Amino acid sequence: MGAPPLTTGEWAVLGLLATQNQHGFGLAKALAPSAEWGQIWTLPKPLVYRALGELDRLQLVVQVGPQAGNRGPTRIVYTTTDLGRSRFEIWLKEPVLHLREVRSQLMLKLAFHQRLELDPRDLLHRQIEVLGPLVEGLRRRTRLTSGFDATLALWRYQSALSAQRFVRRLLALISPNSRPR
């Protein structure tokens, strides 16, 4: 049996901790709607603390120690464990498998690539490989359905095409010598 899957919020918290030790309140501020990371994925404070608890239970993060607050209680600072960092590094390299994850997990992965100064080209090439069959399957489905199923299939097909164009364009911007496939 493999490692248990993490939610997008848990990945966001784990990733932030992989880039800098932090306490729950700081993570919640970073994932607030108006914050830099909150533009990608928003996580309310109670869910940040729930994610920390789950990541701790899975031994992906560990408490580093207390940090005195300027205006409030002492806060517990967390960091990733070796296992947590390893899972995060593997996750960063994996393309998303579902179209609905492009807006959330792929954007998080790309932001973490930038934060960590990693080259995202391999991820983007792999993402194009995943999107290709998805686009083709949805194209076929638009021809085989009728009624609202056809409307839904067309929506999903156009969304997949848009995601595919986005990834190809981003890859071309990052690597001028890389021709989009």
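The values are calculated or read from the model by the stated rules, or taken from the named source; none is laboratory data. Model, not experiment: these values are computed from the prediction. With ideal geometry, Cβ positions are generated from the backbone for all residues, glycine too; neighbour counts draw on all protein chains shown.
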Scan the range 96-110 and tell me whether some residue there is among the hydrophobic types (A, V, I, L, M, F, W, C), surrounded by fewer than 16 Cβ atoms within 10 Å (Cβ to Cβ) and more than 20 Å from the chain's Cα centre (by Cα). no
Looking at Arg165, Arg141, Arg156, Arg126, which one is free of Cβ contacts under 8 Å to residues at least 12 places away in the same chain, in a helix (DSSP H, G or I) and basic (Lys, Arg)? Arg165
When you scan the range 64-96, how many residues do you find that are modelled with pLDDT of 95 or more and of a type outside the set (Val, Ile, Thr)? 14
Reported set for the range 2-44 where residues are without any contact (Cβ under 8 Å) to a residue 40 or more places away in the chain, over 14 Å from the mean Cα position of the chain (by Cα) and either under 20 Å from Ile90 (Cα atoms) or outside the structural domain of Arg85 (by TED's automatic domain parsing) (or both) is Gly2, Gln20
Residue that is surrounded by the fewest Cβ atoms within 10 Å (Cβ to Cβ), among those in the range 111-144 that are closer than 21 Å to Ser159 by Cβ and in contact with a Pro (Cβ under 6 Å, 6 or more places away or on another chain): Arg126
